[in-house]
Amino acid sequence: MDYIYGYLEKKDKLRGVFIPRLKNGKRVLIRDFHAVPAFWLSAGMMFLLITGMLWTGFWGNGVQHIVTSSGAGYPPSIWVGSAPDSEVLTEDVAEVSWAAENLPVPTSQLISGYEQLSITDITNIANDIDVHPTYEVFYPGDEEGVFTLSTFPHRAQDEATVHIDQYSGAILADYRYDNYGAVGKAMALGITIHKGLQFGVINQIAGLLICIGMVLIIITGFWLWKRRKPDNSVGAPKSIKVTQAKAMLIILLIFAFIFPLVGLSLIVVYLIDRFVIRKSERLRRWLNVEEGETHHG
């Protein structure tokens, strides 16, 4: 009998995570209308957070460096001849897709009697090699520079970065989505989906629903907190020792390692707790923190 009761209780709690419990009273229903959407939206929110961080200066550049240095960068097939030994990166000369930013830039061969190609010549070359018509043309910066064609349109599969010799019109590098490694393809798709472009209107509606859901979760969470908060405290559960929350501690340490600013935030929180909250009896009582404990709230 205890097994049956335990099974029913566990099943009821799971229903409060996956679907709202409609027959357990108003209080439970209100709670579930906050918790259940939060569960289903969590995957979408995590996706937007991770793909959005690809544009950050620290984390995004770090991921790029790992992808390039691990050999998941640029295959030999994109080069005409050997890959250039160049310290100039494509992001230094053109605005290109995420996967192509660390692509080394080749040099044009200055040949006697040759003049720089016209923009008409460059557009004809782009048409011949079937570059998506949304491309931009970036001009050479000096006599050894190259023309760079760059396009990162709505679909990741249409991305292209092409370097062209400014005198002969030779294709020196032609880097497309099909040339990306597994990580590069995942990142390219993640970015276009994040921007709401990859799947058109459906993609945009999904992103809008996630954003609206996030706002509603915050509002309903604040409202539920106000309903149950005691007058003389924040209403937080009693703090526990760090040793009683090992799993959470491990998760925090992992996030602190992957995202250094998370680690910095944790250090700030610890210092505030150690030197501000612990020194004030009023704050300890308001936050439900017992004196003398190293805790995880």
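The values are calculated or read from the model by the stated rules, or taken from the named source; none is laboratory data. All of these numbers come straight from a predicted model, not from anything done at the bench. Here the Cβ is made from the backbone with ideal geometry for all residues, glycine too, and neighbour counts use every protein chain on show. When the accessible area is computed, the model is the full protein with side chains, heavy atoms only, and any ligands, DNA or RNA have been set aside. Shrake-Rupley method; radii C 1.70, N 1.55, O 1.52, S 1.80 Å.
Of the residues Ile119, Ile191, Ile217, the one that moves most in a GNM of the chain with alpha-carbon contacts below 10 Å is Ile119.
Over the chain, what is the relative contact order in percent, taking alpha-carbon pairs closer than 8 angstrom and at least six residues apart?
Working: 357 pairs, mean separation 43.4, N = 297.
Computed over the chain, the figure is 15 percent.
Of the two radii for region 116-249, the radius of gyration is 1.31 times the Kirkwood radius, both from the alpha carbons; that is the Rg over Rh value.
At 1.4 Å probe size, with every protein chain present, just tell me what the per residue accessible area of the chain comes to in Å².
Details: 19030 Å² over 297 residues.
Per-residue accessible area for the chain comes out at 64 Å².
Restricting everything to alpha-carbon atoms, can you work out Rg to Rh for region 17-143 with a Kirkwood hydrodynamic radius? Looking at region 17-143, the ratio lands at 1.26.
Tell me the carbon and sulfur percent of the accessible area for the chain, rounded to whole percent, probe radius 1.4 Å. Taking all protein chains in place, the chain shows 63 percent carbon and sulfur surface. Of the residues Trp223, Gly190, Gly235, the one whose Cα sits farthest toward the positive end of the charge dipole of region 179-245, with +1 on the Cβ of Lys and Arg and -1 on the Cβ of Asp and Glu, is Gly235. Among the listed pairs Lys246/Lys279; Lys229/Lys279; Lys195/Lys229; Lys241/Lys279, those with a Cα-Cα distance over 28 Å are Lys195/Lys229.
With 36 Å as the cut-off, how large is the P(r) tail for the chain, expressed as percent of Cα-Cα pairs? Present the calculation step by step, with values, prior to reporting the outcome.
Details: 18902 of 43956 pairs.
Of all Cα-Cα distances in the chain, 43 percent exceed 36 Å.
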